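Nothing in this text is a laboratory measurement; each read-out follows from the coordinates by a stated rule. For clarity, every value in this text was computed on a predicted model and none was experimentally measured. Quick reminder, even Gly has a Cβ in these numbers, built from the backbone with ideal geometry, and neighbours come from all protein chains shown.
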Amino acid sequence: MKAIILGGDGFCGWPNALYLSKQGHDVTIVDNLSRREIDVELEVESLTPIRPIGERIRVWKELSGKDIKFENFTVGKDYHRLVSLIKDEQPDAIVHFAEQRAAPYSMKSAGHKRYTVNNNLNAINDVLAAVVDAGVDVHVIHLGTMGVYGYGTAGMKIPEGYLKVKIDTPEGETEQEILYPTNPGSIYHLTKSQDQLLFAFYNKNDKVKITDLHQGIVWGTQTDETAMDERLINRFDYDGDFGTVLNRFIMQAAVDYPMTVFGTGGQTRAFIHVQDICKCIEIALNNPPQTGERVNILNQMTETHRVRDLAKMISSATGAKIAYLDNPRNESAENELNVANDRFIGFGLKPKTLESSLIE
Ligand code: USQ
């Protein structure tokens, strides 16, 4: 299939671009390299030395014989370039990773809130408007987040997108299916909550085929493809904004720095390994909704853990110390989290679990 990968230079986009190319799909990356600019702003760097995008693509061609095309423009600003690209390429799918993805970064200042909202919401609206404008039958696959639901439970598993509700009407009780209610805890998560309304609208109004993937926290760095050559290496963030909890703990343990558990560490979160994301995206690519079918929503996570349990797991394997710190975030100290992920498992996903792979 032909796929345009928006945000294909980033932490999730790059390994997915390689994986899909390896499987024989025709891949075009669109990226404005904004993630690299944020490193400059924050004065941090990926722990792994990532190479310029041109070099990455040249090395991939050398090793695999496969071409990946690259376009440098901003999704959400350069609308006409996006429409022209869709018309020229006639892709089967657009995989959309091109959003500002860090919750703490989105909360740093009014400027960061405005950047995150402008960037993320204009990007989504431009993608959907451009697909309609170009008149091409494209399947839009979007990377969303489990965090849109606020990690609570109402005594049930968080379902895959939709909730049946009973409503009292003058004619008696009726049943309806609605989008599962969102409860975002950061401006970043708020943008992902808004995304699902845009999807519902364009799906209803214009019959756009959409898959929205509610992903958990990613752990791991390398996939089979990024590990083929050091010049293909994926980024590894460990800073306080873009570094995610498990990757931070692994790095802290490696340099003998106490693992920074925020609060009691009672926060339960959903997790998925970076390699499994690639498999999930390909499953989504190969299983588009029919035209006219409602938005396809899947929970893209494979297991849940409490933050303090992760720290203890790493501590017992490595002897690393744990530091319980005041929580810099405004979030519940303790929560349960039950998530349904039957659909990916039903498609044959065999998850890489933390317990079996962490110490590899
Ligand atoms: N935490 C610590 N210590 C740390 C870092 C984090 O205790 O050193 C705690 C946080 O307080 C939080 C939990 O670990 O309770 C997760 O934090 P995180 O930074 O790993 O993840 P989060 O901010 O939720 O965001 C990440 C990605 C985001 C994705 C989201 C999936 O950056 O793109 O959408 O995970 S989810 O959490 O399921 O919404």
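In the chain, the DSSP beta bridges split such that about 25 percent are antiparallel, to the nearest 5.
Could you work out the Kirkwood radius for segment 287-360, taking every pair of different alpha carbons, averaging 1/r and inverting it, reported in Å? Every distinct Cα pair counted, the radius reaches 15.9 Å. The alpha carbon radius of gyration of segment 147-255, expressed as a multiple of 2.2 N^0.38 Å, is 1.51. Given springs between every Cα pair under 10 Å in a Gaussian network model of the chain, which of GLY155, GLY147, GLY135 has the largest fluctuation? Comparing GLY155, GLY147, GLY135 in the GNM, the peak value goes to GLY155.
Computed from phi, the 3J(HN,Hα) profile of segment 76-83 under the Karplus parametrisation 6.51, -1.76, 1.60 (θ = phi - 60°) reads x, 10, 8, 4, 5, 5, 5, 4 Hz, with x in place of Gly and Pro. For the peptides 214-224, 238-248, 168-178, 91-101, residues were scored by their other Cβ atoms within 10 Å and the scores averaged per peptide; the highest-first order is 91-101, 214-224, 238-248, 168-178. Sorting the segments 182-189, 339-346 by their residues' average number of neighbouring beta-carbon atoms within 10 angstrom, most packed first, yields 182-189, 339-346. For ILE29, the amide hydrogen comes within under 5 Å of the amide hydrogens of ILE5, LYS69, PHE70, GLU71, counting only partners 5 or more places away or on other chains and with H modelled in the peptide plane. With Cα atoms defining each centre, segment 278-324 and segment 8-43 are spaced 19 Å apart in the structure. What separates the Cα centres of segment 124-152 and segment 189-264 is a distance of 17 Å.
The rule of thumb for compact globular proteins, 2.2 N^0.38 Å, goes into the C-alpha radius of gyration of the chain 0.98 times. Couplings 3J(HN,Hα) of segment 100-110, computed from phi: 6, 10, 9, 4, x, 4, 5, 10, 5, 6, 4 Hz, in residue order, whole Hz [Karplus 6.51 cos²θ - 1.76 cosθ + 1.60, θ = phi - 60°; x for Gly and Pro]. Straightening the chain between THR353 and GLU293 buys 18.3 nm, computed as 0.36 nm per residue apart minus the Cα-Cα spacing.
For the chain, the mean residue ellipticity at 222 nm estimated from helices alone is -11500 deg cm²/dmol, where every DSSP H run of n ≥ 4 contributes -39500 (n - 2.57) and the total is divided by all residues, rounded to the nearest 500.
Using the average count of surrounding beta-carbon atoms within 10 Å as a protection proxy, the listed peptides 12-19, 121-128 rank, highest first, as 12-19, 121-128. Rounded to the nearest 20 debye, the dipole size of segment 101-177 about its Cα centre is 720 debye, using +1 on the Cβ of Lys and Arg and -1 on the Cβ of Asp and Glu. In this structure, the amide hydrogen of ASP78, modeled 1.01 Å from its nitrogen in the peptide plane, lies closer than 5 angstrom to no residue at least 5 positions away or on a different chain. Residue by residue, segment 187-200 carries 3J(HN,Hα) couplings of 4, 4, 5, 4, 5, 6, 5, 5, 3, 5, 6, 4, 5, 4 Hz when phi is fed to the Karplus relation 6.51 cos²θ - 1.76 cosθ + 1.60 (θ = phi - 60°); x denotes Gly or Pro.
Checking the Cα-Cα distances for LYS108/LYS352; LYS87/LYS207; LYS2/LYS207; LYS66/LYS192; LYS77/LYS192; LYS192/LYS350 against a 23 Å cut-off, the pairs over it are LYS108/LYS352; LYS66/LYS192; LYS192/LYS350.
Across segment 94-169, the relative contact order, built from alpha-carbon pairs under 8 Å that are at least six residues apart, equals 36 percent.
Mean sequence separation of contacting Cα pairs (under 8 Å, at least six apart), scaled by the length of segment 202-360, corresponds to a relative contact order of 33 percent. Across the chain, Cα pairs under 8 Å and at least six residues apart give a relative contact order of 19 percent.
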